[in-house]
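Note sheet for the following structure.
The values are calculated or read from the model by the stated rules, or taken from the named source; none is laboratory data. Since the structure is predicted, the reported quantities are computational estimates derived from the model, not experimental observations. Ideal geometry is used to build each Cβ from the backbone, glycine not excepted, and the neighbour counts take in all protein chains shown.
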């Protein structure tokens, strides 16, 4: 039997003031693990299950069984693994996009973690796997998230969530006890259940339960990553700077990457007055969402010291203007224009192809021109090509370094209201 | 303990020197230095006086003093040293021809060390906690966070304040690496705390439940401010507060992270000096009384009178009789006019020596602090038995005059808000009276009396002079703030020779742009040669242009002439001319309470009238061509004629193509929210009525209401809508007996529903029902019916709530009214999850009655909290904040609820095309009109209901629409074009000759739909799609794009209905 199983496996309670607060013990494991919601690792079978939940509210007249909710918790190195299982035959999945607080209104489980006096972290996962995180009371909710991942598995009349949270990434007040709550919402039946005996809502930190760590409590939050807000980044090459504060003396390395990929970056770093200034290049080569990550690891042990994960959205490369949805024949010729949303420092070399096709017809017209470093271009579609009818215009910009983008739009050439020669003053 | 002394300014004028007026100021001393300020008497405000000397009389010390010229007069500012002196200390001032000596800080400041001058050996900062004076970025500053306390802060010196008056608080702050509070994410809080006489922070009861003990001025979530930032606030001191102090608190500690500078507090209305004439009035035995509720603001020199002031021989004045007293304080315009005492009958006695007296009385209840205006009927005023006033108007006349109040104040260059809208709220009475047996009796009934001045006739002082002086001071005290129009856009337009010759230019700008009086054409292409459009028989086709004056000329008015076509004629009477009327818009208080803040902009399209041509001034006309049904297709031509004073005429060519088809009706349930104005409110609610029982005395009002509502409903129908969300909650019209709810005899719901049915409307969302479902913090409104229903969600409550719905439904069926949609809640997300959960509870409680009666429930949803309600609703009606996106719409439909939309804007696009693309079953917008105190003077209303939301205005000639209303009409018409094309496509199915045309039309609609994103914020650019990584693909924002789309729809309809011949090649 592993030593951590010698620990008492039943939850015990402490009195906080006049209140009795539940306590959870967090054992340590060394095994490898994978977050998949399926509890495939052997240790889950031996860990205690906490199943005493308070029902804060349920709909009057709903006498159906509540369905059992249990959770387990374990520490694997510097990662906290949490598993919540809810007995529930059918789930109502509504929010499928992560990052919105609407996730909280779904069939969802919520985990609250904090040290007394430190920030409160809220991790939410709904039955579809959509997630929401916020650091309650801090700024920059939208573009900061600790390193964490989650997965959901449904089947057998229950749904399970597994979460893995990098503890060094959480700020903890030294010497303060760790507190937590686990909660579950069953949206359609308006059932709210909480492990901690809260009264004002799941996040009522004063009434959260306590964490007892096997071994030393995590020293999370010793190192804070400070990065200016990332907004409106265009495609292209960017140089980002990040400052690490509160870094103990020692030697460190940087790992950077996008999504789950990480690669070492730069030389070994040592803090000056507890701070390390780092810079790295980011190449945003496609439009859309990017999850950028940077980690500070101990150069000798490889242990994760701190990290930063941020989400940015880059606009698509190509946009086209000057194309009314409906154009009267008297208004021709047509002169649309394109612009490239590319970081000015990133050279725009390549070629543009414009194709105009008449819908339901074989007729088409095409033009090509080089980009030649310019970000804006205009062209003219010959009037004699544009008979009345519907058209599709396709604009393709192929760049030498920033991939390609295609724009498609439709427009309709219609007769003039009065005569082909007249133009109308639109209000 | 810090001693606090009242700061009172008393100016006692001295005989004028031959060349240098002088006076004295007695100040009740404070222990700390301050900068005092007072208005100089108007008689001494001559700009010839450039300087002033102020001397502390007891010590002979000369003090820094200066004069500041303001638009309203001259302010004397001087430094008052801090001294531990009981009582008053006298300062003497002398005006001088030249500026001399040292000037104090140019702001009045009741705060000690507010300007934070760093002086050697300066006294310790009173009230300072954990702060020090230092120089920060070249400024004298107070630095917070020098000790170990968790939340270092600074409390200012305490200063005396007067309840009801406005104070301006300003300060600069600088944050440097300020930590944020872990729970609240804030770095700095600034509060104004209210203290009682003992110096305790006090709690003020408000509406029984709310406790207010401080005003929150700033909560900053910044960490670094990158230099000094300035903030200013205007705060009205609540009743019962005598002292106040400022409290600055660094929310999360931080050593020297927060610095403050230039902290100032000063009354918005300054103390006043008295000149010779004023002193003479008092000397001669003049009496000045200011009536109002106990503790309300008192005009300088006047004695406060509240209903509690009964007559006593010792005092020699007071109420000797009073029945049903009522006293109100509206907060504006100034201390004399803002508060009044009314009563069913009041007798105010003043003991005076026998003799002859002149009297001036001020009456007028401005009601500017609430959404309804109080009305007084059967009012009378007598002085020693002599009748001064007896109301002659009938209740109907009074209420209708109130409804249209201000309509006659058409904005013209030079219009003055104060003269047009503040002064007419008051009625003044002057009279002479002989006092015998030592007493004067002023008696009034149902009259709001604000002030009384009594002057002995024998003195040299003329009442007229006194009254004029008071009027000037009242105007000076009234805070007026005009927000300027934004600067014109840059462009290449310049007048051509013809325009210069004519003295004006005609131009066109997009309809959706705001209209300000002084603007100009922007682009050369804005120039207008003719007006052209198209439409269908039965449609309202708008034509719209603007005149830009190039020189000052006489007046001009627009006349529409008949349109002639080959196949017929559209008579001139079908062309309805409206002029875009400029108004004083309510520009929002923006932290400046107690005054009038406005901007001049165009909003309603008023009945036509001549207007002056002035250099730079614009007038816009809107002509709705009501194309008669049955008008043959073809091109109709004619003119609009601009007739100038003096005879010159300009003809603007008009061409209108009438299309050979009629539009389908709107395919969804669409309308606006609506709550009737007067006389509805007074007659049915009766809460603003004084001196009459209208339901007994003025039954003719019921007929007037019917006539009014008929006109309003008919006007709404012209927009093309088919529904109205009725907002009256029926209070007083419901009865609860033996567990059954019923409507009382002559109830207004029946009256209105009959009219609604008569006007031809469809389903009616009964918005007035929303308060009957419990909301956190608000009493359950079913409790109005019976005390047993006070606790919600009891068996009795559930039964009564379902009974209410069932009773209305049974009544509906009996009367054959259109469907009632039971509107169970509104914007519950404002109360967070608890509010939404209650909403779900209410919705779920109707499950049985919904099923049994086949009725439909509806709710407006403004946040994700209300997702819990959706499975329990028949119709879920979100706005942006819910939000509306692909996922949320799918969620609603997956929950077996119908997707409707509310409040996504009055824009043409969101009213029409977007609503169509969203396949919403219904669409409602706030609002056609809602009850406000002053429809034609929104600046006087506490909120911006009329100028920000309403799409219509009442006029004696019937309702008129606003520019927004016309945009909404255009959107609804767009939707009808879409429905017409869809019907034509459906009709063409199976017709091989039209196969190609049908395919093209379907393609057109598909392309259109593709351009319309689900999230309308992208569409109207309240959200930047580029910033969000989205794609700019719609190209539909703006009237030009929408006009093109409508024409595209028309061409396809024509093709499908008989080939392309209806369209010019």
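A quick yes/no check of all residues on (1) at pLDDT below 75; (2) at positive phi; (3) in contact with a helix residue (DSSP H, G or I) (Cβ under 7 Å, 6 or more places away or on another chain); (4) buried (at least 16 other Cβ atoms within 10 Å of the Cβ):
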residue: B:8; (1), (2), (3), (4): yes, no, no, no
residue: B:14; (1), (2), (3), (4): yes, no, no, no
residue: B:17; (1), (2), (3), (4): yes, no, no, no
residue: B:24; (1), (2), (3), (4): yes, no, no, yes
residue: B:30; (1), (2), (3), (4): yes, no, no, yes
residue: B:34; (1), (2), (3), (4): yes, no, no, yes
residue: B:40; (1), (2), (3), (4): no, no, no, yes
residue: B:49; (1), (2), (3), (4): no, no, no, yes
residue: B:71; (1), (2), (3), (4): no, no, no, no
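For the range A:332-348, the candidate set comprises residues that are crowded, with 19+ Cβ neighbours inside 10 Å and within 14 Å of chain B (Cβ to nearest Cβ); within that set, the residue that is farthest from residue A:242 (Cα to Cα) is A:334. Does residue B:439 satisfy being touching a strand residue (DSSP E or B) at 6+ places or on another chain (Cβ under 8 Å) and within 17 Å of residue B:342 (Cβ to Cβ)? For residue B:439, the condition - touching a strand residue (DSSP E or B) at 6+ places or on another chain (Cβ under 8 Å) and within 17 Å of residue B:342 (Cβ to Cβ) - is not met.
The set of residues in the range B:883-923 being closer than 18 Å to residue B:843 by Cβ and away from chain A (no Cβ under 12 Å) consists of B:897, B:898, B:899, B:900, B:902, B:921, B:922. The combined condition, being at pLDDT below 90, under 19 Å from residue A:78 (Cα atoms) and in a loop (DSSP other than H, G, I, E, B), is not fulfilled by residue A:38.
Residues checked against (1) under 26 Å from the mean Cα position of the chain (by Cα); (2) without any contact (Cβ under 8 Å) to a residue 12 or more places away in the chain; (3) surrounded by 23 or more Cβ atoms within 10 Å (Cβ to Cβ):
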| site | (1), (2), (3) |
| --- | --- |
| B:868 | no, no, yes |
| B:877 | no, no, yes |
| B:890 | no, yes, no |
| B:921 | no, no, no |
| B:944 | yes, no, no |
| B:975 | no, no, yes |
| B:979 | no, no, no |
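Among the residues examined, residue A:351 does not qualify as at pLDDT 90 or above, over 40 Å from the mean Cα position of the chain (by Cα) and more than 13 Å from every other protein chain (Cβ to nearest Cβ). If you filter the range A:304-331 down to residues that are facing chain B (nearest Cβ under 9 Å) and in contact with a helix residue (DSSP H, G or I) (Cβ under 6 Å, 6 or more places away or on another chain), you find that the one that is farthest from residue A:412 (Cα to Cα) is A:324. Residues in the range B:629-661 that are surrounded by 15 or more Cβ atoms within 10 Å (Cβ to Cβ) and outside any strand (DSSP E or B): B:631, B:633, B:659, B:660, B:661.
Kindly indicate whether residue A:301 is touching a helix residue (DSSP H, G or I) at 6+ places or on another chain (Cβ under 7 Å) and away from chain B (no Cβ under 14 Å). No; evaluated as a whole, the condition is false for this residue. Being over 33 Å from the mean Cα position of the chain (by Cα), away from chain B (no Cβ under 14 Å) and more than 30 Å from residue A:275 (Cα to Cα) is a property that residue A:368 has. Annotation for the range A:89-108: no member residue is in contact with a strand residue (DSSP E or B) (Cβ under 6 Å, 6 or more places away or on another chain), away from chain B (no Cβ under 14 Å) and crowded, with 17+ Cβ neighbours inside 10 Å.
Please determine, by comparing only the residues of the range B:533-588 that are out of contact with any helix residue (DSSP H, G or I) (no Cβ under 7 Å at 6 or more places or on another chain), outside any strand (DSSP E or B) and over 30 Å from residue B:666 (Cα atoms), which one is nearest to the other protein chains (Cβ to nearest Cβ). Ranking the candidates gives B:566 first.
For the range B:362-416, a residue qualifies if it is within 16 Å of residue B:333 (Cβ to Cβ) and more than 21 Å from the chain's Cα centre (by Cα), and the qualifying residues are B:362, B:363.
Out of the range B:154-188, which residues are within 14 Å of chain A (Cβ to nearest Cβ) and in contact (Cβ under 8 Å) with a residue 60 or more places away in the chain? Hits for the range B:154-188 are B:175, B:177, B:178, B:179, B:180, B:181, B:182, B:184, B:186, B:187, B:188. The set of residues from the range B:852-873 being at pLDDT below 95 and away from chain A (no Cβ under 11 Å) comprises just one member, B:862. Of all residues in the range B:491-524, those being farther than 21 Å from residue B:908 by Cβ, within 14 Å of chain A (Cβ to nearest Cβ) and surrounded by fewer than 16 Cβ atoms within 10 Å (Cβ to Cβ) number 2. Put simply, of A:240, A:254 the only residue that is touching a strand residue (DSSP E or B) at 6+ places or on another chain (Cβ under 7 Å) and within 30 Å of residue A:399 (Cα to Cα) is A:240. For the range B:480-490, indicate whether the set of residues that are modelled with pLDDT of 95 or more, in contact with a strand residue (DSSP E or B) (Cβ under 7 Å, 6 or more places away or on another chain), more than 28 Å from residue B:718 (Cα to Cα) and surrounded by 16 or more Cβ atoms within 10 Å (Cβ to Cβ) is non-empty. No: zero hits. Restricting A:131, A:115 to residues that are within 14 Å of chain B (Cβ to nearest Cβ), in contact with a strand residue (DSSP E or B) (Cβ under 8 Å, 6 or more places away or on another chain) and modelled with pLDDT under 90 narrows the list to A:115.
Within the option set B:243, B:217, B:195, being surrounded by 15 or more Cβ atoms within 10 Å (Cβ to Cβ) and either under 23 Å from residue B:143 (Cβ atoms) or modelled with pLDDT of 85 or more (or both) holds for one residue only, B:217.
Kindly establish whether residue B:1020 is surrounded by fewer than 22 Cβ atoms within 10 Å (Cβ to Cβ), more than 14 Å from chain A (Cβ to nearest Cβ) and at pLDDT 95 or above. Criteria not met by residue B:1020.
Could we say that residue B:997 is assigned to a helix (DSSP H, G or I), within 9 Å of another protein chain (Cβ to nearest Cβ), surrounded by 17 or more Cβ atoms within 10 Å (Cβ to Cβ) and at pLDDT below 95 here? So residue B:997 fails the test.
Within the set B:616, B:630, B:646, the sole residue that is over 30 Å from residue B:216 (Cβ atoms) and modelled with pLDDT under 95 turns out to be B:646. With respect to the stated conditions, residue B:981 fails to be within 14 Å of chain A (Cβ to nearest Cβ), at pLDDT 90 or above and within 27 Å of residue B:927 (Cα to Cα). Just to check your reading of the model, which residue among B:1049, B:1036, B:1054 is modelled with pLDDT under 80, buried (at least 21 other Cβ atoms within 10 Å of the Cβ) and within 11 Å of chain A (Cβ to nearest Cβ)? The unique qualifying residue is B:1036. All but one of (1) crowded, with 20+ Cβ neighbours inside 10 Å; (2) more than 30 Å from residue B:597 (Cα to Cα) hold for residue B:430; state the number of the condition that does not hold. Here residue B:430 meets the rest and fails (1).
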